[in-house]
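Attaching a single structure in structure tokens format; questions to follow.
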Amino acid sequence: MDAILNQYQELIGSAVARKTTLCIRGGGSKEFYGNSLSGEIFDTNAYCGVVDYDPGELVITARCGTPLSEIETTLRANDQMLAFEPPYFAPNATLGGCIAAGLSGPRRASTGAIRDYLLGVRMLNGLGEDLYFGGRVMKNVAGYDVTRFLAGSLGTLGVILQASLKVLPLPQYEMTLNFEIDAASAIAKLNRWVGLGIPISASCHVDKHLTVRLSGSESRLAALRQTLGGERVAQDVSFWKAIRDHTHDFFQTDQPLWRLSIKSSAPPLKISDKQLVEWNGSMRWCQGGLEPSTARRVAETHGGHATLFRSNDNKHSVFHPLPLLMLNLHKRLKQTFDPHLIFNPGRMYPEF
Amino acid sequence: MRAEELVSRLSRFLPAEAILHEEALLRPYECDALSIYRHVPLAVVLPVNEIEVQEILRVCFRMQIAVVARGAGTGLSGGALPVPNGIVLALTKLNQILDIDPLARTARVQPGVTNAAISEAANEFGLYYAPDPSSQIACSIGGNVAENSGGVHCLKYGLTLQNILSLRTVTIDGELLTVGSQGLDAPGYDLLALMTGSEGLLGVITEVTVKLLPIPEYAQVVLAAFDDVAQAGQAVANIISAGIIPAGLEMMDQGATRAVEAFIHAGYPLDAAAVLLCESDGSRDDVETEISRIMQVMRESGATQMTCSQSEAERLQLWSGRKAAFPAVGRLASDYYCMDGTIPRKALAAVLNRIAELSAHYRLACVNVFHAGDGNLHPLIMFDANHPDELRRAEEFGGAILELCIAVGGTITGEHGVGTEKINHMCIQFGTAELKTFHGIKTAFDRYALLNPGKAVPTLQRCAEFGAMHVKRGQEKFPELPRF
Ligand SMILES: Cc1cc2nc3c(=O)[nH]c(=O)nc-3n(C[C@H](O)[C@H](O)[C@H](O)COP(=O)(O)OP(=O)(O)OC[C@H]3O[C@@H](n4cnc5c(N)ncnc54)[C@H](O)[C@@H]3O)c2cc1C
């Protein structure tokens with residue numbers, strides 16, 4: 001592995017010397033996400049393998065090229081899981097890409113995002129320096145939280161070489177229920193249910209159907225089944241996988257897909273008639289040729305932001321524009337990690 | 001001179017009572033809860049709203065005067081310690097709960113609101129704010145964010161970062177910067193993660209949107225006694241390995257239980273080498289199932305005695321000892337020094353044994369009460385600060401504990417922050433390149449290093465003077481300890 005590391009450092013050194021740029025790539029499963037790619041491919045697949053896993057500590061440490069599926073299989077063998085239910089989008093997704101993309105799946109609203117489970121990272125910055133932040137312990141406030149800051153940075157700050165993640169035990173029992181109900185009532189109900197302590201671990205509303213996953217002890221869920229009503233969904237595992245990886249029918253279209261992350265209690269958005277609600281109302285997937293300015297204004301009205309998650313063109317302003325002060329701060333932070341601007345230029349914002 | 005000019009500039013927009021500059025009035029601000037470090041600031045300024053905060057920072061920026069933000073001053077690492085020729089910006093008067101949204105389960109609050117006040121205000125909606133530092137009736141939410149504070153229940157509910165959605169902050173040049181959003185993420189880099197725990201070095205927090213959770217329907221706690229500290233440590237690991245994430249899992253050694261029982265009667269067994277307090281919360285069904293599983297694991301791990309709370313009064317009684325642990329120790333020694341390292345859970349027994357050896361070596365008593373579930377230790381070193389040699393030994397003992405935590409793969413601070421206190425030990429935990437990255441982050445926010453200078457991140461020069469070497473991974477510092 002040290003040889004690979006040396007090779008990575010040489011690649012970075014030579015990009016700096018030749019004033020070229022690098023496009024960091026794991027499985028390539030999330031290449032569709034973000035602005036257009038540019039630069040020479042920097043392949044992270046070779047730097048792989050689980051380095052350490054101790055179920056009693058609830059911590060797994062693995063290299064960036066490790067397939068996400070390998071990590072999840074290892075955990076499942078010990079009745080544990082990555083609690084943020086990471087989307088794959090393709091079978092070859094790697095851990096490094098998962099962290100860089102910063103995306104979390106259906107369980108996000110109840111158990112937290114990928115950043116909440118990141119305990120430590122090893123990375124190469126734009127000078128090829130080998131850096132360690134965080135560690136393998138549950139609580140750590142020494143220095144700025146660079147570890148969590150890297151989640152969702154889309155490879156613009158450096159190569160994530162290795163990461164330690166907190167894992168959780170699998171829920172004792174899960175049950176998925178379906179209700180026929182309109183979007184407005186579904187959003188109100190979900191917010192109310194969560195406020196009452198009903199253990200919702202995933203939710204999805206689309207086409208007049210609300211689907212809810214409950215996690216907890218078997219007796220508790222049996223009791224909830226009585227009070228909540230609804231139809232039991234038999235194919236629950238495949239259903240949530242389809243929501244997680246966007247293979248559900250809703251996502252099978254050539255239309256652009258917008259991701260609006262907003263206040264959970266906001267009413268159904270009037271901007272598109274094809275909408276899928278997740279995360280108890282905090283996530284609204286909208287389909288169709290929306291005006292970017294409209295999507296963004298509506299998201300801001302509800303305290304959030306809009307991302308053009310998938311589209312065939314317009315790959316230069318995918319993410320919600322930042323106020324100037326914020327954009328300048330981003331540029332300075334980028335320079336701290338990558339002073340020669342070699343990593344994933346423009347992938348997040350065209351300005352850096 | 002500078003003080004006079006500053007006061008005159010601030011007086012243009014602040015009432016006289018908002019600017020303290022007489023020595024006697026400055027005294028109460030000369031330290032935080034780590035009182036071994038003291039400085040009298042140039043002035044203390046007490047804004048009542050965000051606009052005043054912006055104006056004050058603009059004046060300081062123009063005059064290049066350092067600013068130390070201060071909440072309630074309960075910090076335990078000298079984070080709010082004034083710096084020479086700098087002001088203290090006290091945020092206690094920004095103390096309004098601006099809005100509670102019961103449906104979306106959020107509260108928008110000003111930074112000076114106390115942690116406990118948020119839960120009190122949310123109570124009528126059946127909601128509460130989960131992070132519960134033991135100082136919660138006094139500490140401010142702004143301070144909690146600046147330290148990324150935790151509490152007894154963060155094993156299950158997370159630290160401050162996991163329980164906030166967004167911040168309004170003011171940059172050193174007086175500009176407003178909002179990070180996070182009302183949704184579950186925000187565009188661009190995760191500045192909410194970067195600013196949480198940044199100890200007042202990146203910006204001044206003027207508003208926080210926190211998440212609220214439904215108050216659990218039911219909670220029960222088990223007190224388990226062990227003859228041996230290592231066994232208690234193993235019981236902690238066994239509970240977690242059994243797939244249980246309790247709401248709280250705390251440990252106290254014999255020194256701590258004896259101090260507590262002498263102070264208030266919580267009903268802890270005095271002959272046990274260590275006790276564990278393990279709580280379960282949620283629906284009645286779930287709690288009863290979980291408690292019986294917990295008791296079974298405890299029994300199998302060698303618990304000699306167990307008590308399970310049968311009523312809310314009993315539950316609070318069992319917790320009262322843990323909550324009173326610090327003051328109880330305070331009664332036994334004129335001063336105590338609270339450490340905060342975090343270690344892998346499996347290193348608990350080895351580290352506790354080593355701390356006992358160090359205690360003998362430095363001839364200072366040390367008791368342990370801590371968040372065992374996340375491996376976050378709080379050794380309390382007892383000493384007499386009026387005795388210069390004891391103070392020196394206490395600091396050295398503390399330093400040795402921090403190095404021990406790093407050596408077993410842990411960290412020097414789990415929740416209290418680096419502040420002034422652990423600044424030298426940052427040189428051991430991090431290498432030059434990491435420290436340079438921290439400095440780069442600081443510069444990106446605060447070019448002239450005016451916000452809380454000298455705290456949290458040491459300069460490279462300071463590390464050179466301190467002389468301690470960064471322990472490169474792989475090199476061993478305490479070879480007698482098992483490696484993890
Ligand atoms: C008896 C006791 C028990 C404790 N128990 C716990 C515990 O269980 N868990 C735990 O985590 N901590 C605990 N603490 C430590 C302390 O209470 C926390 O660190 C708390 O969050 C500090 O809040 P404060 O308002 O007192 O902040 P201060 O001490 O005033 O300041 C702390 C830091 O925050 C910065 N700061 C404060 N307000 C702002 C702001 N608005 N904007 C920017 N920066 C700001 C300051 O500059 C300083 O660096 C305990 C302390 C005591 C005395």
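The values are calculated or read from the model by the stated rules, or taken from the named source; none is laboratory data. All values reported here derive from a predicted model rather than from experimental measurement. Counting neighbours? That spans all protein chains shown, and the Cβs are built from the backbone with ideal geometry, glycine included. Surface areas here come from the heavy atoms of the whole protein model, side chains and all, with no ligands, DNA or RNA. Shrake-Rupley method; radii C 1.70, N 1.55, O 1.52, S 1.80 Å.
Are any residues in the range B:320-335 within 20 Å of residue B:136 (Cβ to Cβ), open to solvent by 10 Å² or more (accessible area, probe 1.4 Å) and of a type outside the set (A, V, I, L, M), and if so, which ones?
Those that are within 20 Å of residue B:136 (Cβ to Cβ), open to solvent by 10 Å² or more (accessible area, probe 1.4 Å) and of a type outside the set (A, V, I, L, M): B:320, B:323, B:326, B:327, B:330.
Taking only the range B:270-307 into account, find how many residues are assigned to a strand (DSSP E or B) and crowded, with 19+ Cβ neighbours inside 10 Å.
Here is the first cut: in the range B:270-307, the ones assigned to a strand (DSSP E or B) are B:274-282, B:305-307.
Now restrict to residues that are crowded, with 19+ Cβ neighbours inside 10 Å: B:274-282.
Of the residues in the range B:270-307, 9 are assigned to a strand (DSSP E or B) and crowded, with 19+ Cβ neighbours inside 10 Å.
Among the candidates A:91, A:87, A:55, A:67, single out the residue that is within 14 Å of chain B (Cβ to nearest Cβ) and under 18 Å from residue A:27 (Cβ atoms).
Of A:91, A:87, A:55, A:67, the one residue that is within 14 Å of chain B (Cβ to nearest Cβ) and under 18 Å from residue A:27 (Cβ atoms) is A:87.
Answer yes or no as to whether residue B:432 is under 19 Å from residue B:461 (Cβ atoms) and within 10 Å of chain A (Cβ to nearest Cβ).
The answer is yes for residue B:432.
State whether the residues of the range B:401-413 include one that is more than 15 Å from the chain's Cα centre (by Cα), outside the structural domain of residue B:258 (by TED's automatic domain parsing) and without any contact (Cβ under 8 Å) to a residue 12 or more places away in the chain.
no
Oh, and also: Among the residues of the range B:117-171, how many are β-branched (Val, Ile, Thr) and either surrounded by fewer than 21 Cβ atoms within 10 Å (Cβ to Cβ) or touching a Lys or Arg at 6+ places or on another chain (Cβ under 8 Å) (or both)?
Number of matching residues: 4.
Further question: I'd like to verify a number: residues in the range B:363-404 that are at positive phi and surrounded by fewer than 24 Cβ atoms within 10 Å (Cβ to Cβ), how many?
Residues in the range B:363-404 being at positive phi and surrounded by fewer than 24 Cβ atoms within 10 Å (Cβ to Cβ): 1 in total.
Now a separate question. Take the residues of the range B:162-172 that are within 12 Å of the ligand (Cβ to nearest atom) and without any contact (Cβ under 8 Å) to a residue 60 or more places away in the chain: which is nearest to residue B:206 (Cα to Cα)?
Ranking the qualifying residues of the range B:162-172, first place goes to B:169.
So is residue B:151 more than 14 Å from every other protein chain (Cβ to nearest Cβ), within 17 Å of the chain's Cα centre (by Cα) and within 10 Å of the ligand (Cβ to nearest atom) or not?
No; evaluated as a whole, the condition is false for this residue.
Here is a follow-up. Against the conditions (1) outside any helix (DSSP H, G or I); (2) under 26 Å from residue B:294 (Cβ atoms); (3) open to solvent by less than 10 Å² (accessible area, probe 1.4 Å); (4) not aromatic (Phe, Trp, Tyr), where does residue B:417 fall short? Just the number, please.
(2)
A follow-up question, please. Looking at this structure, is residue A:41 at pLDDT 95 or above and away from every other protein chain (no Cβ under 14 Å)?
Considered against the rule, which asks whether it is at pLDDT 95 or above and away from every other protein chain (no Cβ under 14 Å), residue A:41 comes out as yes.
Sticking with this one: Is it true that some residue in the range B:7-16 is in contact with a Gly (Cβ under 9 Å, 6 or more places away or on another chain) and polar (S, T, N, Q)? Break it down into steps so the answer makes sense when it comes.
First, pick out the residues of the range B:7-16 that are in contact with a Gly (Cβ under 9 Å, 6 or more places away or on another chain): none.
The answer is no, given that none of the residues of the range B:7-16 is in contact with a Gly (Cβ under 9 Å, 6 or more places away or on another chain) and polar (S, T, N, Q).
Same structure again: Would you mind listing the strands (runs of 3 or more DSSP E) fully within the range A:1-101 where at least 2 residues are open to solvent by 50 Å² or more (accessible area, probe 1.4 Å) and either without any contact (Cβ under 8 Å) to a residue 24 or more places away in the chain or in the same structural domain as residue A:240 (by TED's automatic domain parsing) (or both)?
A:40-43
Also: Say we look at the range A:186-234 and pick out the residues that are under 22 Å from residue B:290 (Cβ atoms) and among the β-branched types (Val, Ile, Thr); which of these is nearest to the other protein chains (Cβ to nearest Cβ)?
My answer is A:194.
Right, something else. Which residue pairs have Cβ atoms closer than 7 Å, lie 6 or more positions apart in sequence or on different chains, and pair a first residue in the range B:315-333 that is in a helix (DSSP H, G or I) with a second residue that is of a type in the set (Lys, Arg) and surrounded by fewer than 18 Cβ atoms within 10 Å (Cβ to Cβ)?
none
For residue A:161, indicate whether it is in a strand (DSSP E or B), in contact with a Leu (Cβ under 8 Å, 6 or more places away or on another chain) and away from chain B (no Cβ under 14 Å).
no
Go through the residues of the range B:442-449 one by one and say whether even a single one is away from chain A (no Cβ under 12 Å) and either modelled with pLDDT of 95 or more or touching a strand residue (DSSP E or B) at 6+ places or on another chain (Cβ under 6 Å) (or both). Break it down stepwise before answering.
Within the range B:442-449, the first condition is being away from chain A (no Cβ under 12 Å), and the residues that meet it are B:448-449.
From the residues that got through so far, the ones that are either modelled with pLDDT of 95 or more or touching a strand residue (DSSP E or B) at 6+ places or on another chain (Cβ under 6 Å) (or both) too are B:448-449.
Yes: the range B:442-449 contains one or more residues that are away from chain A (no Cβ under 12 Å) and either modelled with pLDDT of 95 or more or touching a strand residue (DSSP E or B) at 6+ places or on another chain (Cβ under 6 Å) (or both).
May I pose another question? Those residues that are closer than 21 Å to residue B:385 by Cβ and buried (at least 21 other Cβ atoms within 10 Å of the Cβ), I need them from the range B:337-354; list them, please.
Within the range B:337-354, B:337, B:339, B:340 qualify.
Looking only at the range B:430-442, decide whether some residue is within 14 Å of the ligand (Cβ to nearest atom) and either at positive phi or among the acidic types (Asp, Glu) (or both). Before the answer, list the steps.
Initial filter on the range B:430-442 (within 14 Å of the ligand (Cβ to nearest atom)): B:442.
Next, from what is left, pick out any that are either at positive phi or among the acidic types (Asp, Glu) (or both): none.
No, that holds for no residue.
Which one is farthest from the ligand (Cβ to nearest atom), of the residues in the range B:99-116 that are away from every other protein chain (no Cβ under 12 Å) and open to solvent by less than 30 Å² (accessible area, probe 1.4 Å)?
The selected residue is B:107.
Within the group A:176, A:156, which residue is β-branched (Val, Ile, Thr) and within 24 Å of residue B:192 (Cβ to Cβ)?
Numbers: A:176 fails: within 24 Å of residue B:192 (Cβ to Cβ).
The match here is A:156.
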